[in-house]
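Since the structure comes first, as structure tokens, the remarks are kept for the end.
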Amino acid sequence: TWDGGAPYGMALDRSQRLFMADGRANQVVRINRRGTIDLRWGRKGDGAGEFNLPHMLAIDPTGHIYVAEVGGKRFQKFKPIIEP
């Protein structure tokens, strides 16, 4: 059980990290194994990296994240997150 946000779409990357489209906060978040958010991006808007009700997301084998918006009626593609 996880308290917080409005989870719509969720996906695991190839490292088994969980990403979630949070429709209420207009963000994409990454949730660690402890159930806490360790990364987030986005805000309400129609610019690049902004969201209008992100609803679903998917991650391809190379790590690109695709986010579909209901309100914005578009998809956005994000580069893989590179971490040390």
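Using only alpha carbon pairs under 8 Å that are at least six residues apart, calculate the relative contact order of the range 27-84 and give it in whole percent.
22
What's the Kirkwood radius of the range 1-45 in Å, using all Cα pairs?
Mean inverse Cα-Cα distance, inverted, gives 10.7 Å.
From largest accessible area down, sort HIS64, HIS55; use a 1.4 Å probe on the protein chains.
HIS55, HIS64
Among DSSP bridges having both ends in the chain, what percentage is antiparallel? Round to the nearest 5.
95
For a quick check: with amide H placed at 1.01 Å from N, whose amide H comes under 5 Å from GLY9's, ignoring anything fewer than 5 positions away on the same chain?
ALA21, MET56, LEU57
Hey, what do the phi angles of the range 23-29 turn into as Karplus ³J(HN,Hα) couplings, whole Hz, using 6.51/-1.76/1.60 and θ = phi - 60°, x for Gly and Pro?
Rounded to whole hertz, the list is x, 5, 8, 6, 9, 10, 10.
So, with a 1.4 angstrom probe, what is the percent of accessible area on the chain that is carbon and sulfur?
For the chain, the apolar C and S fraction of the accessible surface comes to 54 percent.
Under 15 Å between alpha carbons, and skipping anything fewer than 8 positions from LYS73 in its own chain: which aspartates and glutamates qualify?
ASP46, GLU50
Restricting to DSSP loop positions (anything but H, G, I, E, B) with no more than 16 other Cβ atoms inside 10 Å of their own Cβ, which chymotrypsin sites (Phe, Trp or Tyr not before Pro) remain in the range 13-77? Please list the in-between numbers first.
Values: sites: PHE19, TRP41, PHE51, TYR66, PHE75; in loops: none.
Sparse-neighbourhood loop chymotrypsin sites (Phe, Trp or Tyr not before Pro): none present.
Only sites in a loop by DSSP and with at most 15 other Cβ atoms within 10 Å count here; which trypsin sites (Lys or Arg not before Pro) in the chain make the cut?
Within the chain, the qualifying trypsin sites (Lys or Arg not before Pro) (loop, at most 15 other Cβ atoms within 10 Å) are ARG14, ARG24, ARG33, ARG34, ARG43, LYS73.
Return the inverse of the average 1/r over all pairs of distinct C-alpha atoms in the range 37-84, which is the Kirkwood hydrodynamic radius, in Å to one decimal.
Every distinct Cα pair counted, the radius reaches 11.4 Å.
Out of all Cα-Cα pairs in the chain, roughly what percent, to the nearest whole number, are more than 22 Å apart?
It works out to 17 percent of all Cα pairs.
The values are calculated or read from the model by the stated rules, or taken from the named source; none is laboratory data. Only a predicted model underlies this, so the values are computations on that prediction, with no experimental measurement involved. Note that each Cβ is placed from the backbone with ideal geometry, even for glycine, and that neighbours are counted across all protein chains shown. Just so you know, the surface numbers come from the protein's heavy atoms only, side chains and all, with ligands and any DNA or RNA stripped out. Shrake-Rupley method; radii C 1.70, N 1.55, O 1.52, S 1.80 Å.
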